[in-house]
Amino acid sequence: MIQPGEYLEPYIGLPKPRFDLDDASHASQEWGANCGPGAIAAIAGLTLDEVRPHMGDFEAKGYTNPILMWEVLTRLGLVWRLRGKPFTVPAWGVVRIQWEGPWTEPGVPMRVRCRHTHWIGAGLQDGQPIAFDINCMCVGGWVPWQEWKSQVAPWLIREAVPKGSGAWHITHLVDVERRDHG
């Protein structure tokens, strides 16, 4: 796994998130910011506090479902498109992950399944897929997609998804027109 400080060299071409680990911790404590607002802020080139007023009923419920994600992207004036299968990492966008477990068994209501999901930002750097995860802020948020799949996702399942099977899959992939974050 990338160690603190190692992310700078390989990610020189990426827009650095406009928030850091301290900002993410503060926003989490202050208003419950988590993966949804984090992915939006990173992709939109905003701070978490700039995203907050656009988050609708997020603070009341504590999660970002797909409908809220589409509403927030639209409120922010972003040009976006929901992509169908096959799922491949977008040049720039957001990805919704479904953690698998007893909630993904046949017959379990969709609302139960939705409580075990995760949003990440995604993109390409020099043709290679990368992922932005709010849980990776200690290394700047961005990690190679392969590292996210092989190290970050299993760690998240172990730490934050009780009864998770260890498996996951993509449920939604959204292309977002990239803005100059300069």
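Residues of region 73-112 being free of Cβ contacts under 8 Å to residues at least 40 places away in the same chain, within 22 Å of Pro37 (Cβ to Cβ) and surrounded by fewer than 18 Cβ atoms within 10 Å (Cβ to Cβ), which ones?
Across region 73-112, the qualifying residues are Thr74, Arg75, Gly77, Arg111.
Out of region 49-69, which residues are surrounded by 14 or more Cβ atoms within 10 Å (Cβ to Cβ), in a helix (DSSP H, G or I), of a type outside the set (Lys, Arg) and free of Cβ contacts under 8 Å to residues at least 60 places away in the same chain?
Once the filter is applied, which keeps residues that are surrounded by 14 or more Cβ atoms within 10 Å (Cβ to Cβ), in a helix (DSSP H, G or I), of a type outside the set (Lys, Arg) and free of Cβ contacts under 8 Å to residues at least 60 places away in the same chain, region 49-69 yields Asp49, Glu50, Val51, His54, Phe58, Leu68.
Of the residues Val176, Val139, Val161, which single one is in contact with a Gly (Cβ under 6 Å, 6 or more places away or on another chain) and touching a residue at least 12 places away in the same chain (Cβ under 8 Å)?
Matching residue, one of Val176, Val139, Val161: Val176.
For region 116-149, what are the residues that are under 15 Å from the mean Cα position of the chain (by Cα) and part of a loop (DSSP other than H, G, I, E, B)?
Residues satisfying the conditions are His116, Asp133, Gly140, Gly141.
When you check Leu8 against the structure, is it out of contact with any Lys or Arg (no Cβ under 7 Å at 6 or more places or on another chain) and at pLDDT below 95, yes or no?
The answer is yes for Leu8.
Just give me the residues in region 150-177 being in a loop (DSSP other than H, G, I, E, B) and acidic (Asp, Glu), in sequence order.
Scanning region 150-177 gives a single hit, Glu177.
Checking Gly166 against (1) under 24 Å from Pro86 (Cα atoms); (2) more than 13 Å from the chain's Cα centre (by Cα); (3) surrounded by 15 or more Cβ atoms within 10 Å (Cβ to Cβ): exactly one of these is not met. Which one?
Status for Gly166: all satisfied but (3).
Go over the candidates Leu46, Leu73 one by one and state the one that is of a type in the set (A, V, I, L, M), assigned to a loop (DSSP other than H, G, I, E, B) and modelled with pLDDT of 95 or more.
Leu46
Just checking, does region 136-155 include any residue being out of contact with any Phe, Trp or Tyr (no Cβ under 7 Å at 6 or more places or on another chain), at pLDDT below 95 and on the phi > 0 side of the Ramachandran plot?
Checked region 136-155: no residue is out of contact with any Phe, Trp or Tyr (no Cβ under 7 Å at 6 or more places or on another chain), at pLDDT below 95 and on the phi > 0 side of the Ramachandran plot.
Conditions first: (1) touching a Ser or Thr at 6+ places or on another chain (Cβ under 8 Å); (2) surrounded by fewer than 17 Cβ atoms within 10 Å (Cβ to Cβ); (3) not acidic (Asp, Glu). Thr117 passes all but one, so which condition is the exception?
(2)
Of all residues in region 94-115 being assigned to a loop (DSSP other than H, G, I, E, B) and hydrophobic (A, V, I, L, M, F, W, C), which is farthest from Glu159 (Cα to Cα)?
Looking at residues that are assigned to a loop (DSSP other than H, G, I, E, B) and hydrophobic (A, V, I, L, M, F, W, C), I get Val108.
The values are calculated or read from the model by the stated rules, or taken from the named source; none is laboratory data. Source: prediction; values computed, not measured. Cβ: placed from backbone, ideal geometry, glycine included. Neighbour counts: every protein chain shown.
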